[in-house]
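The values are calculated or read from the model by the stated rules, or taken from the named source; none is laboratory data. Keep in mind that this is a model prediction, so the values were computed, not measured. Here the Cβ positions follow ideal geometry from the backbone for every residue, glycine too, while neighbour counts run over all protein chains shown.
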(Lines give C-alpha, C1' and ligand atoms only; values in the text may rest on other atoms or scores of the structure.)
Protein backbone atom coordinates (compact mmCIF):
# COMPACT_ATOMS: atom_id res chain seq x y z
CA UNK A 1 0.00 0.00 0.00
CA UNK A 2 1.40 3.39 -0.96
CA UNK A 3 1.72 6.05 1.68
CA UNK A 4 -0.69 8.92 1.09
CA UNK A 5 -0.35 12.36 2.63
CA UNK A 6 -3.30 14.70 2.86
CA UNK A 7 -2.58 18.35 3.47
CA UNK A 8 -5.21 19.31 6.00
CA UNK A 9 -6.80 22.76 5.93
CA UNK A 10 -5.25 23.68 9.26
CA UNK A 11 -3.59 27.09 9.31
CA UNK A 12 -1.37 28.85 11.76
CA UNK A 13 -0.67 32.49 11.01
CA UNK A 14 2.83 33.70 11.71
CA UNK A 15 3.25 37.45 11.63
CA UNK A 16 6.59 39.19 11.21
CA UNK A 17 7.37 42.89 11.07
CA UNK A 18 10.26 43.56 8.69
CA UNK A 19 10.86 47.09 7.42
CA UNK A 20 7.30 47.99 8.46
CA UNK A 21 5.98 45.11 6.32
CA UNK A 22 3.42 42.91 8.07
CA UNK A 23 3.23 39.50 6.43
CA UNK A 24 2.19 35.96 7.15
CA UNK A 25 2.58 32.48 5.78
CA UNK A 26 0.72 29.23 6.20
CA UNK A 27 2.45 26.41 8.07
CA UNK A 28 1.12 23.12 6.77
CA UNK A 29 -0.09 20.47 9.14
CA UNK A 30 -0.04 17.15 7.36
CA UNK A 31 -2.38 14.28 8.14
CA UNK A 32 -1.18 10.75 7.54
CA UNK A 33 -3.90 8.83 5.76
CA UNK A 34 -3.63 5.65 7.85
CA UNK A 35 -6.41 3.07 7.44
CA UNK A 36 -8.96 3.45 10.21
CA UNK A 37 -8.07 0.18 11.93
CA UNK A 38 -4.31 0.62 11.93
CA UNK A 39 -2.48 1.73 15.07
CA UNK A 40 0.39 3.15 13.06
CA UNK A 41 2.69 2.13 10.26
CA UNK A 42 6.26 1.01 9.54
CA UNK A 43 7.89 1.36 6.12
CA UNK A 44 11.26 1.93 4.49
CA UNK A 45 11.94 5.30 2.92
CA UNK A 46 14.34 6.09 0.10
CA UNK A 47 14.63 9.43 -1.72
CA UNK A 48 12.05 9.86 -4.47
CA UNK A 49 10.05 12.52 -6.21
CA UNK A 50 7.11 12.55 -3.81
CA UNK A 51 9.16 13.49 -0.80
CA UNK A 52 8.45 12.17 2.68
CA UNK A 53 9.93 14.96 4.71
CA UNK A 54 6.99 15.87 6.91
CA UNK A 55 6.52 19.08 8.90
CA UNK A 56 4.25 18.01 11.71
CA UNK A 57 1.52 15.49 12.44
CA UNK A 58 -0.39 14.09 15.39
CA UNK A 59 1.49 10.78 15.38
CA UNK A 60 4.78 10.09 17.14
CA UNK A 61 7.46 9.30 14.57
CA UNK A 62 10.73 7.37 14.81
CA UNK A 63 13.39 7.13 12.09
CA UNK A 64 16.21 4.58 11.94
CA UNK A 65 18.84 5.32 9.28
CA UNK A 66 20.06 2.24 7.41
CA UNK A 67 22.36 3.72 4.77
CA UNK A 68 23.60 7.02 3.40
CA UNK A 69 23.36 10.42 5.03
CA UNK A 70 20.63 12.95 5.71
CA UNK A 71 20.10 16.20 7.57
CA UNK A 72 17.01 17.18 9.55
CA UNK A 73 16.02 20.57 10.87
CA UNK A 74 13.91 19.96 13.98
CA UNK A 75 12.58 23.24 15.35
CA UNK A 76 15.83 25.23 15.63
CA UNK A 77 18.35 22.38 15.69
CA UNK A 78 20.15 20.45 12.97
CA UNK A 79 20.58 16.68 13.20
CA UNK A 80 22.97 14.80 10.92
CA UNK A 81 21.81 11.23 10.30
CA UNK A 82 24.19 8.36 9.53
CA UNK A 83 23.71 4.56 9.51
CA UNK A 84 22.51 3.54 12.97
CA UNK A 85 21.11 6.95 13.93
CA UNK A 86 17.67 6.77 15.55
CA UNK A 87 15.69 9.98 15.99
CA UNK A 88 12.26 10.51 17.59
CA UNK A 89 10.00 13.27 16.25
CA UNK A 90 7.14 14.42 18.46
CA UNK A 91 3.80 15.94 17.40
CA UNK A 92 4.64 19.55 18.31
CA UNK A 93 8.06 19.46 16.63
CA UNK A 94 8.18 20.93 13.14
CA UNK A 95 10.70 18.89 11.17
CA UNK A 96 12.08 19.34 7.68
CA UNK A 97 14.41 16.95 5.85
CA UNK A 98 16.72 19.47 4.18
CA UNK A 99 19.13 17.06 2.54
CA UNK A 100 19.59 13.35 1.89
CA UNK A 101 22.16 11.50 -0.16
CA UNK A 102 21.06 9.45 -3.16
CA UNK A 103 21.78 6.22 -1.24
CA UNK A 104 19.94 7.30 1.90
CA UNK A 105 17.56 4.69 3.33
CA UNK A 106 15.73 4.64 6.66
CA UNK A 107 12.87 3.05 8.50
CA UNK A 108 9.99 5.36 9.36
CA UNK A 109 7.56 4.38 12.07
CA UNK A 110 4.49 6.39 13.05
CA UNK A 111 2.23 5.56 16.00
CA UNK A 112 -1.23 6.88 16.76
CA UNK A 113 -1.84 8.78 20.04
CA UNK A 114 -4.36 6.14 21.15
CA UNK A 115 -1.66 3.46 20.90
CA UNK A 116 0.75 5.54 22.96
CA UNK A 117 -1.82 6.11 25.70
CA UNK A 118 -2.57 2.41 25.82
CA UNK A 119 0.95 0.99 25.99
CA UNK A 120 3.20 3.79 27.27
CA UNK A 121 2.17 3.51 30.92
CA UNK A 122 5.47 3.22 32.80
CA UNK A 123 7.62 6.15 34.00
CA UNK A 124 10.22 5.22 31.38
CA UNK A 125 7.77 5.28 28.46
CA UNK A 126 5.39 8.11 29.37
CA UNK A 127 7.77 10.58 27.72
CA UNK A 128 6.57 9.21 24.39
CA UNK A 129 3.06 10.49 25.10
CA UNK A 130 4.17 14.11 25.39
CA UNK A 131 3.79 16.48 22.45
CA UNK A 132 7.11 18.25 23.03
CA UNK A 133 9.20 16.59 25.75
CA UNK A 134 12.61 17.78 26.90
CA UNK A 135 15.72 15.66 26.68
CA UNK A 136 17.79 13.87 24.05
CA UNK A 137 15.80 12.04 21.40
CA UNK A 138 18.51 11.29 18.86
CA UNK A 139 21.06 8.54 19.56
CA UNK A 140 23.50 6.36 17.68
CA UNK A 141 22.79 2.65 18.00
CA UNK A 142 25.55 0.08 17.87
CA UNK A 143 25.74 -2.29 14.92
CA UNK A 144 24.18 -5.20 16.81
CA UNK A 145 21.34 -3.14 18.28
CA UNK A 146 20.65 -1.43 14.97
CA UNK A 147 20.61 -4.78 13.18
CA UNK A 148 18.16 -6.27 15.67
CA UNK A 149 15.80 -3.29 15.36
CA UNK A 150 16.04 -3.38 11.56
CA UNK A 151 15.06 -7.08 11.58
CA UNK A 152 12.19 -6.44 14.00
CA UNK A 153 10.82 -3.57 11.92
CA UNK A 154 11.05 -5.75 8.79
CA UNK A 155 9.15 -8.59 10.49
CA UNK A 156 6.34 -6.27 11.59
CA UNK A 157 6.16 -4.49 8.22
CA UNK A 158 5.83 -7.86 6.47
CA UNK A 159 2.52 -8.41 8.33
CA UNK A 160 0.88 -5.29 6.90
CA UNK A 161 -1.76 -7.32 5.04
CA UNK A 162 -2.87 -8.99 8.29
CA UNK A 163 -4.29 -6.15 10.42
CA UNK A 164 -4.51 -8.18 13.64
CA UNK A 165 -0.86 -9.30 13.49
CA UNK A 166 0.26 -5.87 12.32
CA UNK A 167 -1.47 -4.09 15.20
CA UNK A 168 -0.03 -6.62 17.63
CA UNK A 169 3.47 -6.04 16.29
CA UNK A 170 3.44 -2.24 16.25
CA UNK A 171 3.40 -1.79 20.07
CA UNK A 172 6.21 -4.32 20.44
CA UNK A 173 8.25 -2.50 17.78
CA UNK A 174 7.60 0.85 19.48
CA UNK A 175 8.59 -0.31 22.97
CA UNK A 176 11.61 -2.25 21.67
CA UNK A 177 12.88 0.81 19.81
CA UNK A 178 12.45 2.97 22.90
CA UNK A 179 14.28 0.42 25.08
CA UNK A 180 17.22 0.47 22.67
CA UNK A 181 17.16 4.27 22.72
CA UNK A 182 17.28 4.35 26.52
CA UNK A 183 20.14 1.83 26.61
CA UNK A 184 22.22 3.57 23.92
CA UNK A 185 25.15 5.53 25.30
CA UNK A 186 26.25 7.44 22.21
CA UNK A 187 24.30 10.67 21.78
CA UNK A 188 23.70 12.35 18.44
CA UNK A 189 23.24 15.83 19.78
CA UNK A 190 21.54 18.42 17.66
CA UNK A 191 23.41 21.49 16.50
CA UNK A 192 21.67 24.80 17.12
CA UNK A 193 20.82 26.65 13.95
CA UNK A 194 20.09 30.32 13.61
CA UNK A 195 16.32 31.03 13.76
CA UNK A 196 16.61 32.76 10.39
CA UNK A 197 17.96 29.56 8.81
CA UNK A 198 15.12 27.49 10.21
CA UNK A 199 12.58 30.09 9.08
CA UNK A 200 14.05 30.27 5.58
CA UNK A 201 13.89 26.49 5.26
CA UNK A 202 10.23 26.48 6.29
CA UNK A 203 9.32 29.29 3.90
CA UNK A 204 10.96 27.52 0.99
CA UNK A 205 9.28 24.27 1.95
CA UNK A 206 5.78 25.67 2.46
CA UNK A 207 5.36 28.41 -0.16
CA UNK A 208 5.19 27.49 -3.84
CA UNK A 209 5.44 31.04 -5.20
CA UNK A 210 8.93 32.04 -6.41
CA UNK A 211 10.79 33.91 -3.68
CA UNK A 212 14.02 35.80 -4.28
CA UNK A 213 16.92 35.59 -1.86
CA UNK A 214 16.31 39.25 -1.03
CA UNK A 215 12.65 38.62 -0.13
CA UNK A 216 13.60 35.50 1.81
CA UNK A 217 16.26 37.43 3.72
CA UNK A 218 13.75 40.20 4.51
CA UNK A 219 11.34 37.63 5.97
CA UNK A 220 14.15 35.94 7.91
CA UNK A 221 15.53 39.22 9.26
CA UNK A 222 19.06 39.00 7.85
CA UNK A 223 20.91 40.44 4.88
CA UNK A 224 20.90 38.24 1.76
CA UNK A 225 24.64 37.56 1.96
CA UNK A 226 24.56 36.62 5.66
CA UNK A 227 21.52 34.38 5.25
CA UNK A 228 23.12 32.59 2.28
CA UNK A 229 26.37 32.07 4.17
CA UNK A 230 24.67 30.88 7.38
CA UNK A 231 22.33 28.52 5.53
CA UNK A 232 25.23 26.82 3.76
CA UNK A 233 27.30 26.59 6.95
CA UNK A 234 24.52 25.19 9.13
CA UNK A 235 22.67 22.85 6.74
CA UNK A 236 25.44 21.74 4.42
CA UNK A 237 23.55 22.80 1.28
CA UNK A 238 23.20 26.17 -0.39
CA UNK A 239 19.98 28.17 -0.40
CA UNK A 240 19.78 27.75 -4.16
CA UNK A 241 20.20 23.96 -3.99
CA UNK A 242 17.62 23.64 -1.23
CA UNK A 243 15.10 25.84 -3.05
CA UNK A 244 15.56 23.87 -6.27
CA UNK A 245 15.13 20.59 -4.40
CA UNK A 246 11.84 21.77 -2.86
CA UNK A 247 10.60 22.95 -6.26
CA UNK A 248 11.44 19.61 -7.84
CA UNK A 249 9.74 17.67 -5.06
CA UNK A 250 6.69 19.89 -5.44
CA UNK A 251 6.76 19.30 -9.22
CA UNK A 252 6.80 15.51 -8.76
CA UNK A 253 3.88 15.72 -6.34
CA UNK A 254 1.87 17.85 -8.78
CA UNK A 255 2.77 15.96 -11.96
CA UNK A 256 2.35 12.46 -10.55
CA UNK A 257 1.88 10.07 -13.47
CA UNK A 258 1.06 12.90 -15.86
CA UNK A 259 -2.69 12.34 -15.86
CA UNK A 260 -3.74 15.51 -14.03
CA UNK A 261 -1.41 18.21 -15.38
CA UNK A 262 0.95 18.79 -18.24
CA UNK A 263 4.66 19.01 -17.49
CA UNK A 264 4.58 22.78 -18.08
CA UNK A 265 1.58 23.32 -15.78
CA UNK A 266 3.17 21.34 -12.95
CA UNK A 267 6.51 23.14 -13.37
CA UNK A 268 4.91 26.60 -13.16
CA UNK A 269 2.74 25.62 -10.17
CA UNK A 270 5.85 24.24 -8.45
CA UNK A 271 7.45 27.68 -8.56
CA UNK A 272 9.66 27.60 -11.66
CA UNK A 273 9.61 30.84 -13.62
CA UNK A 274 9.87 29.28 -17.08
CA UNK A 275 10.23 25.94 -18.81
CA UNK A 276 13.92 26.51 -19.73
CA UNK A 277 14.69 27.18 -16.04
CA UNK A 278 12.77 24.05 -15.02
CA UNK A 279 14.54 21.93 -17.65
CA UNK A 280 17.97 23.20 -16.57
CA UNK A 281 17.34 22.53 -12.87
CA UNK A 282 15.73 19.13 -13.54
CA UNK A 283 18.68 17.91 -15.59
CA UNK A 284 21.31 19.27 -13.22
CA UNK A 285 19.76 17.45 -10.25
CA UNK A 286 18.69 14.18 -11.87
CA UNK A 287 21.15 13.75 -14.70
CA UNK A 288 18.46 13.49 -17.40
CA UNK A 289 15.66 15.69 -18.71
CA UNK A 290 11.88 15.82 -18.17
CA UNK A 291 11.21 14.03 -21.46
CA UNK A 292 13.18 10.98 -20.34
CA UNK A 293 11.36 11.10 -17.00
CA UNK A 294 8.03 10.87 -18.82
CA UNK A 295 9.34 7.95 -20.86
CA UNK A 296 10.40 6.14 -17.69
CA UNK A 297 6.96 6.68 -16.21
CA UNK A 298 5.33 5.21 -19.31
CA UNK A 299 7.66 2.20 -19.19
CA UNK A 300 6.90 1.75 -15.50
CA UNK A 301 10.59 1.74 -14.64
CA UNK A 302 12.46 3.59 -11.88
CA UNK A 303 12.39 7.34 -12.30
CA UNK A 304 15.07 8.30 -9.83
CA UNK A 305 18.21 9.99 -11.05
CA UNK A 306 21.54 10.75 -9.48
CA UNK A 307 19.96 13.25 -7.08
CA UNK A 308 17.89 10.54 -5.40
CA UNK A 309 14.49 12.02 -6.37
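Test residue 197 against the stated conditions and say whether it is over 15 Å from residue 37 (Cα atoms), buried (at least 21 other Cβ atoms within 10 Å of the Cβ) and modelled with pLDDT under 95.
So residue 197 passes the test.
Considering 76, 100, which residue is over 30 Å from residue 37 (Cα atoms), surrounded by fewer than 22 Cβ atoms within 10 Å (Cβ to Cβ) and under 16 Å from the mean Cα position of the chain (by Cα)?
76
Name the single residue, out of those in the range 259-284 being in contact (Cβ under 8 Å) with a residue 24 or more places away in the chain and in contact with a helix residue (DSSP H, G or I) (Cβ under 6 Å, 6 or more places away or on another chain), that is surrounded by the fewest Cβ atoms within 10 Å (Cβ to Cβ).
Ranking the qualifying residues of the range 259-284, first place goes to 269.
Going through the range 137-186 one residue at a time, which ones are in contact with a strand residue (DSSP E or B) (Cβ under 6 Å, 6 or more places away or on another chain) and loosely packed, with under 13 Cβ neighbours inside 10 Å?
Scanning the range 137-186 gives a single hit, 186.
Among the residues of the range 156-167, write down those that are assigned to a helix (DSSP H, G or I) and either touching a helix residue (DSSP H, G or I) at 6+ places or on another chain (Cβ under 7 Å) or in contact (Cβ under 8 Å) with a residue 40 or more places away in the chain (or both).
Scanning the range 156-167 gives 156, 157, 163, 166, 167.
Among the residues of the range 65-72, are any out of contact with any helix residue (DSSP H, G or I) (no Cβ under 9 Å at 6 or more places or on another chain), within 29 Å of residue 230 (Cβ to Cβ), modelled with pLDDT of 90 or more and surrounded by fewer than 20 Cβ atoms within 10 Å (Cβ to Cβ)?
yes
Return the residues of the range 69-118 that are closer than 23 Å to residue 173 by Cα and assigned to a loop (DSSP other than H, G, I, E, B); say none if nothing qualifies.
82, 83, 84, 90, 91, 92, 93, 104, 112
Return the residues of the range 291-309 that are in a helix (DSSP H, G or I) and either exposed (fewer than 12 other Cβ atoms within 10 Å of the Cβ) or modelled with pLDDT of 90 or more (or both); say none if nothing qualifies.
Passing the criteria: 291, 298, 299.
List the residue pairs whose Cβ atoms are under 8 Å apart, where the first residue sits in the range 232-253 and is under 16 Å from residue 270 (Cβ atoms), the second is modelled with pLDDT under 80 and part of a helix (DSSP H, G or I), and the two are 6 or more positions apart or on different chains.
242/235; 246/205
On the given criteria, is residue 62 modelled with pLDDT of 95 or more, assigned to a strand (DSSP E or B) and crowded, with 20+ Cβ neighbours inside 10 Å?
Working: modelled with pLDDT of 95 or more: yes; assigned to a strand (DSSP E or B): yes; crowded, with 20+ Cβ neighbours inside 10 Å: yes.
Yes.
Residues that are touching a residue at least 12 places away in the same chain (Cβ under 8 Å), within 19 Å of residue 179 (Cα to Cα) and part of a strand (DSSP E or B): does the range 120-137 have at least one?
Scanning the range 120-137 turns up no residue that is touching a residue at least 12 places away in the same chain (Cβ under 8 Å), within 19 Å of residue 179 (Cα to Cα) and part of a strand (DSSP E or B).
Does residue 144 fit the bill of being outside any helix (DSSP H, G or I) and either within 20 Å of residue 41 (Cβ to Cβ) or more than 20 Å from the chain's Cα centre (by Cα) (or both)?
So residue 144 does not fit the description; no.
For every residue, the table says whether it meets (1) surrounded by 14 or more Cβ atoms within 10 Å (Cβ to Cβ); (2) part of a loop (DSSP other than H, G, I, E, B); (3) at pLDDT below 50.
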| site | (1), (2), (3) |
| --- | --- |
| 25 | yes, no, yes |
| 42 | yes, no, no |
| 48 | yes, yes, no |
| 52 | yes, yes, yes |
| 56 | yes, yes, no |
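In the list 105, 94, 131, 124, which residue meets the criterion of being touching a strand residue (DSSP E or B) at 6+ places or on another chain (Cβ under 8 Å) and at pLDDT 85 or above?
105
When residue 208 is evaluated against the numbered criteria (1) part of a loop (DSSP other than H, G, I, E, B); (2) in contact with a helix residue (DSSP H, G or I) (Cβ under 9 Å, 6 or more places away or on another chain); (3) at pLDDT 90 or above, which criterion, by number, is the only one it fails?
Every condition holds for residue 208 apart from (3).
List, please: which pairs have Cβ atoms under 9 Å, are six or more places apart or on different chains, and start with a residue in the range 21-49 that is on the phi > 0 side of the Ramachandran plot and end with one that is in a loop (DSSP other than H, G, I, E, B) and modelled with pLDDT of 70 or more?
40/34; 40/59; 40/112
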